[in-house]
Each structure stands twice: as C-alpha cells, then as structure tokens.
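Every number here is computed from the coordinates shown, using simple stated rules; none is lab data. As the structure is a prediction and not an experimental result, all values here were calculated from the model. Backbone-built Cβ (ideal geometry, glycine too); neighbour counts: all protein chains shown.
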C-alpha cells in the first residue's frame, strides 16, 4: 500500500486523530482535506494509566498509515489543552491531568505532532474545508450537552492567555438566572444547549398523548435530546417549541458574539444541530433582531457544520500542517 | 526647527492626528511613542463641507511637522471607519458620510496615511506603549457616555467583517432590560457607562442635603458624570454607590469578554475611569466571581488606561507605522 502524492509530502501521509471518552478515530487526510481512510480504536477509560490511552492512539495512527511514512500527525483531544498546545490539562473522560501529551506522542511516533482540543480542531476544519471555507473569520458554536466554541481568524483559532478563549457557553445572559455547574448563574449554555432543550421539553410535557410523551414512556425524566429531535421531526409541537426556544437563545447569544467579533460566518455544529432549519431559522431571526446596527452591516449567515464526526481529525491535520 | 532621528525615518517625522467633534489634535510621535510636540485646531462642525474639516487636519499636521518632512501620518477619527480603513462611514459630530478620507488626505499631504477610529487607535497605543504594553492580547473598554471597545491581538486591532468588531456596549446582559438608543434592550452600556452612572445617582438622590445634591442644586436633572465623580471623591455615599454599581456591571461584562477572548489584560479608559480604584476595585471582584474557571486560570488584571487624551494620536501613528 502506498499513498499518493496528494496525501502528504513526498510519499508520506498526514494523519489526524480524534480521541474522545469512548473511541479513537484516526484518518489519513489528503491535501484537499478529504479523509482517505480511517482506523478506529477504543479508549481504555479515564481511570487507567495514561500510557494505555497513548498506546491506543499510536496503534490507530500506525494502522491507518499502513506502510506509508508519517509526514505529520495532529491530535484532537476531548479535553482542555494548555495555551501552547503541549499538555492536556484536564479531560473529563480521559486520564490526562497536565500530561505532556504532545511531546510523548511525537517521541513515540517519531514525527512532529500538533495538539489542540477537539472543538478547536473542528472549527479549524470547518474554516479550512467546511461551512466557513473562503472566509477570513468565523465563529463556531458546538451545541452538545453544553456549548463549545471557537473563533477562527485568518486560519488560526484564537486560543488566549490560558488556552481558554471561546468559552462562549459561560457568558452570562440572564442576571441571577439558571445555576450552572461552572458555579455561575445565567450562563448562555443553560438556555441554549442539549441540556436546555431537554429541560424546555420536560417543562412542557403535558398529560395528553403526544409523540414526545410516547417516546419517553410518559416519564419526563427519561426524555433525551435525540427524542426531542425525533419528535420535532414527527410534528410534535412541544418538541418544536423547545427547539424554537433553543434557536431563539442561540440567535441572541450569537448577536452578542457578532457584536464583539464581527465574524463573517457563524457555524453551528454538535448533536443539537441535527435539527437543522428547525434550530437555525429562529436563530437567524433573533440575530437580526438583536444585533447592533443590523441594518447598516452585513449580518453573518448562521449555517450548519458540514464535516460531521471527522471534523476533529481533519482540523488536527490542518493545525499540524500550519505548524510544519 | 529639525526633528531628531528618533522622531521619524531619515529626517522625517511621524504625525498622528485625533479629530473629534470639537477639536483637532496633532502630534509628532517619536519611535518610543512619546509625543514630542502638539498642535491644536478647531473642528468646524458637522454641518459643513467636509473639505473644511480636512483643511483643519492638514493645517494642524503641517504646523506640528514644521520644517521636518512627513514620514507618515495616522488619523484617529471619532466615527465609524470601514473595514479596510479607507472611508469614514458615519460620524455623529463630523460631516463625513462615506467619504474616502484616507485617500483625500494622503493626496493632499503627499504621504502615506493610515485611518482608524479613535477608540481603536487608543487601544493600539495602550497596547504598544501604555497599560497593555508587553502583552500579546488586550481588551480595551472606554467608558464614556456609552462603551467603546477593542480587542488587540499581536499588535493589531480586531476590526471584523464590517469594521464593527468591539461593539461590546451592545452585548445584551439583561433580557428585556433597559431600552437602548441602538434599538435593543438590556445592552451592557445601559448598565455600565457614564450614562448609567448618572441614572443610578439620580435614582438614589434623596431630599436630605448631600454633596451630590449640592453640586446639582438639588435638581436631579442637572446631575452630570463629573459631578458624581467629584461627589464620590468628597465622600458622598450615593455617588460612591453609583460607582460601585457601574464597577460591578463592568466586572460582569468583562467576565463575559474574558470568557470569549481570554485576553492577558483589560484596560479601562474614558471619562468614567477617572474614578480609578473606586470603579476598578468592584470590577475586579465581580470579574473573579463571574469568570468561568477563575480558580484554574490566570485572571487578567483590570487596569486604568495611562496614555490620556493623546492616546488616539499616538495609536494612529502606531497604525501608520505598521502599514509602512
């Protein structure tokens, strides 16, 4: 097996790896950002020796590269990475606690390795090849249980003094509002996230038979985000109202971010974004209503992410290439 | 008269000009950001031919340069400048409405000219020579009647798609809150600005004799920001409470910005900042309380601007040099 010249420098390949709490996904990425082939592995857990996680990463990288030499590797980690991209400081589902992951893996693989967190990598990939390609600046909002975010300017993610830029979900939008696990109150992600979506649906779930009630067996405590998404697609009004509320708060928060960053495009990813226009349409309306000077500026489009679950590994390669 | 070699390239000088609604201030700026000498002029008004304003600028530049040739000129304008620094799109106190100010003045002065708005220029000056020197990233918040803002990264102001980045004052912090002239509700500057300071003081002004009551002749409608500042310095509790409220909202809003930008330092300028620690101390407390992950990061210092009213013209020269 040999890689074509478009898959890396000389005869080598660029490999991106996305490591999350349950799986390792490695892929060879060509010069156009396409994933040529992938290899999967399991993450051994969070209460193990970090070496075991690193073993799984090395194994997936070598498997996907096959006989092609490695030109460079990018690692997207589901955790908090320091400002210089050396260490994973903390990861809720992985054993790293300040470990020098970049250097360790670069040494084991014998190749330059770039490290950043998965949300930043996904934003970079959307900027290079996805929904924000051909723009100078973009905002990426990942709506999962909470909110992940990143601002990309001229092909680089704004990382900040502590590597903590882009914590948009903890911007306060309601004084004295919903308590947040971060210790604050009224954080944006308490109103705009998968968590909020489920809360809105629970609060509105009545006793009359509905699609949503059927999906959760009549027990609001068993409601999940995917159930709300499915019920909304099936015409359930409670579910649709919950999406409208998340979408409305999405637009309000995006208006705040656009006031500050004046980005060219806003990309929405994450599980909640599977609802597509049901989420994005109210967000666009709220953005136009809330954004300062909306009639005197180009209001950025709010669009869905397009690269899917491979965005993290692709972005890790974009980062690795930019550092080479 | 001749300029020393530190005042410009060869024997030439770098001149910065700050043009506001009432005056033109030009200054020769040396290589260390020091203002060597200044010249002043009056702004002819907002309902005049724009040429008259440009005449006043050219006159001030030539007077301050004296016999030294111009190496470059920077113009800080109290108005909205387009994303590429060519035109002043709108200025509430000046006659420009989309005029190609950069090209016109460069042509009349026969030298390269850089243009940006005065708040951006002041932020650039503080970053290069002032309260944010030796940092990679800084946030500047100018507290006047409203809020002016800028984010400086690696010596450049983030300008954005429309040249409208940094509109921090119109980020919404209270749903359905105070109406704002921008058309929105609950904008940050409705709670944190000179305007808000006076409103807080008015709302609290009782009938008992106080320093503040005396200053405004017992008529809340005659209260001004400088009166509140003076009364607070003189021990007036109502005035001090008004500053505490503005400072508290300042810290809350700064926490939102730091969550997004993770800047190294936050610089507070503008008329309200004359109150110094009376404003900054509650702001720091609120920042520490509100900022996500405050115990796990370097929380940026909130400091006062140091360059004073010449910051705009100094920053205009910083910009002009960066473009040369």
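Structure above, values below:
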| quantity | calculated |
| --- | --- |
| Kirkwood-based shape ratio for the stretch B:81-226, expressed as Rg/Rh from alpha carbons | 1.08 |
| Sequence of B:195, B:93 once ranked by neighbouring C-beta atoms within 10 Å, starting from the fewest | B:93, B:195 |
| Shielding by partners, peptide A:174-187 (average Cβ within 10 angstrom, other chains) | 3 |
| Pseudo-label separations to other copies for residue A:176 - Cα-to-Cβ vector, 7 Å, nm | 1.4 |
| Helix A:237-261 vs. chain A, principal-axis angle (Cα, 0 to 90°, nearest 10) | 60 degrees |
| Percent antiparallel among DSSP beta bridges (both partners in chain B, rounded to 5) | 55 percent |
| Chain B: relative contact order as a whole-number percent, Cα under 8 Å and 6+ apart | 19 percent |
| Sorted largest first, extent of the stretch A:133-306 alpha carbons per principal axis (Å) | 50, 33, 27 |
| Relative intensity, log₁₀ I(q)/I(0), of the stretch B:86-127 from a Debye sum that treats every alpha carbon as a point, q = 0.23, 0.28, 0.31 Å⁻¹ | -0.85, -0.98, -1.01 |
| Inter-copy separations for residue A:322, label at 7 Å along Cα-Cβ, nm, ascending | 1.8 |
| For peptides A:290-298, B:175-183, sequence by mean Cβ density within 10 Å, most packed first | A:290-298, B:175-183 |
| Ranked list, fewest to most other Cβ atoms within 10 Å of each Cβ, for B:280, A:212 | B:280, A:212 |
| Between helix A:50-65 and chain A: long-axis angle, C-alpha atoms, 0 to 90°, nearest 10 | 70 degrees |
| Mean projected area (nm²) of the alpha-carbon convex hull when the stretch A:1-158 is viewed from all directions | 8.9 nm² |
| Cα-based Rg / Dmax (Å) for the stretch A:200-270 | 15.1, 45 |
| Sorted by Cβ neighbour density within 10 Å, fewest at the top, the residues B:268, B:141 | B:268, B:141 |
| Scaled radius of gyration (Cα, divided by 2.2 N^0.38 Å) that chain A gives | 1.03 |
| Share of Cα-Cα pairs in the protein assembly as shown lying beyond 50 Å, as whole percent | 18 percent |
| Cα centroid separation - the stretch B:256-312 against the stretch B:11-79, whole Å | 31 Å |
| Between helix B:311-323 and chain B: long-axis angle, C-alpha atoms, 0 to 90°, nearest 10 | 50 degrees |
| Expected 222 nm ellipticity per residue - DSSP helices of 4 or more, -39500 (n - 2.57), all of chain A, to 500 | -11000 deg cm²/dmol |
| FRET efficiency, residue B:40 to residue A:295 (Cβ-Cβ, R0 41 Å, nearest 0.05) | 0.65 |
| Coordinate range along principal axes, alpha carbons of the stretch B:235-322, Å, largest first | 42, 38, 14 |
| Over the stretch B:202-242, relative contact order from alpha-carbon pairs under 8 Å, at least 6 apart, % | 37 percent |
| Rough spin-label spacing in nm, given labels placed 7 Å along Cα→Cβ, for residue A:62 and residue A:103 | 2.3 nm |
| Inter-copy separations for residue B:277, label at 7 Å along Cα-Cβ, nm, ascending | 6.0 |
| Percent RCO, i.e. relative contact order, over the stretch A:133-306, from Cα pairs under 8 Å lying at least 6 residues apart | 22 percent |
| Average partner coverage of A:291-304, which counts Cβ from other chains inside 10 Å | 4 |
| Euclidean distance between Cα centres, the stretch B:103-157 to the stretch B:195-238, Å | 33 Å |
